[in-house]
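A.B. asks: So that we are looking at the same thing, I have put the structure below in structure tokens.
Please treat every number below as a calculation from the coordinates, not as lab data. Computed from a predicted model, the values in this text were never measured in an experiment. All Cβ positions, glycine included, derive from the backbone under ideal geometry; neighbour counts span all protein chains shown.
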Amino acid sequence: MHARSRRLLLSLLSSLSLSLSLSLSLLSSCHETATPADATLDSSPDLPADLSPEAAPDAEADSPDAPCPPDLPRCDGETVVACVDGREELLPCPAGTRCNLGACEESLVDLPRDAGPHSDKTEWWYYTGHVGDGEHEYGFEVTIFRYDLAIFTGYMCHVAVLDAVAGIHYHTDEILPLPTRWSGSPVVLDVGSCRFELDGAGYDHVTGRIDRGAERDSLGAPWSIDLWVEPQKRPALHGDHGVIPMGDRGGTSWYYSYTRLAAAGTIRVPDGSTYDVGGVAWMDHQWGDFDPMTEFKGWDWWSIQLDDGRELMLFQFRDWDDVLVGQAGTLVLPDGNQLTFSGFDAFSITPLREWPSPHTDGVYPLDWDLVIAEGAFDLAVETHVDDQEMYNPAQNYWEGATTVTGTAGGVPVSGVGYTELTGYASDLLDPP
């Protein structure tokens, strides 16, 4: 990001901090893979000293004769701060690794290189989030897909805006044989009404449009989203150091997320008004030689951003008989360290009701009780609006803004999120 743009972003974020507080309060009132199996979650919301973002070396540690502080080893960026022979030492992690929980771990994602496009069968970049100005509150999705499959080769752009105050979901989609621009250095992905400018470190410019006459439900348009996002944490690498299984037929995907992005910019609404907004966003990037048409029927995915500074990503796959064949997730701590877990004993998610789509043959489960036994998470995830289906000829799915309440270790927590449900409605990638 250019210095001027970053200063503008930081200034806008500061001015919108009060608005964001009001925004999240208002949103809460709205209703609408091979992964390591032996990883366990923190069993208490009170993080141990070696995982706490507030933990810092005692001032005496600056003295050459001072003993090592009690919080070692820990991470300082990609450097391990360790106690060696009674003295604190900095041990940079070598290439191909990253620091997590006080140790250097293998990293199969190489940033900034992997921020750009790859040549695999399937790839997508997702931005979702919650923004507002204290009076107007919006959920948003801007997504670019690229497929090189036997049944479909091309690019897709999906844009959605949820007017959380009015309870109305607006969306559009485009299928194109070629992008407008597709470059790796600098990373600029321009497909129809979607455009991403990525710097490889999470300081990205995200724009999306719903042009007049392009809204799928013939609702009001045009809409435009123009946001700068800035990471508040390092990217999370999901699964086995950034690689997850895609179902149970051998496909794999590289997968990382920026789980907490500060977002600021503008949203232009159909009457021509433009609002300065700020809030929180999430970015997912996945790619690999997997085929979502043949290797599984669908998946359910949750992103959760808790007010205590933690984030959760959970997913589960269903086979063609609608049987769960795998599930896994990631817990990101306030300081950016992460815990990865998998297996059917790791968590349970129970839908509370169903919503039959008026647009497709899909019947979607909505509102969920989420329990992670090891971390003592007991969460209720509730949709803002039932009709947040992204239906289109190629790929029907439900992608919706949610609010989260519950407890972690017996302590009340709350937050916001997005949920994605695929494989519930027939389409080109999931034929009846």
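A.B. asks: Considering only the other residues whose Cβ falls under 9 Å of the Cβ of ALA394, what net charge follows from Lys and Arg at +1 and Asp and Glu at -1?
C.D. replies: So the surrounding residues net to -2.
A.B. asks: Fewest Cβ neighbours within 10 Å first, please rank SER183, SER414, SER257 accordingly. Write out the running numbers ahead of the final one.
C.D. replies: Values: SER183 12, SER414 16, SER257 22.
Least to most surrounded, the residues fall as SER183, SER414, SER257.
A.B. asks: Next question. Just to confirm my numbers, what's the Cα centroid distance between segment 165-191 and segment 232-253 in Å?
C.D. replies: 24 Å
A.B. asks: Further question: For the pair VAL84 and LEU176, what calculated FRET efficiency results from E = 1/(1 + (r/R0)^6), where r is the Cβ-Cβ distance and R0 = 41 Å, to the nearest 0.05?
C.D. replies: Given R0 = 41 Å and the Cβ-Cβ separation, E is 0.15.
A.B. asks: Placing one identical point scatterer on every Cα of segment 145-296 and ignoring solvent, what is log10 I(q)/I(0) from the Debye formula at q = 0.13, 0.20 Å⁻¹?
C.D. replies: -0.72, -1.39
A.B. asks: If you don't mind, there's one more thing I want to ask. Give me the distance in nm between label points sitting 7 Å out from Cα along the Cα-to-Cβ direction at ASP120 and THR407, one decimal.
C.D. replies: 4.0 nm
A.B. asks: Another question, then. Under 15 Å from the Cβ of ARG260, count the other residues' Cβ atoms, weight Lys and Arg +1, Asp and Glu -1, and hand me the total.
C.D. replies: Surrounding charge for ARG260 is -4.
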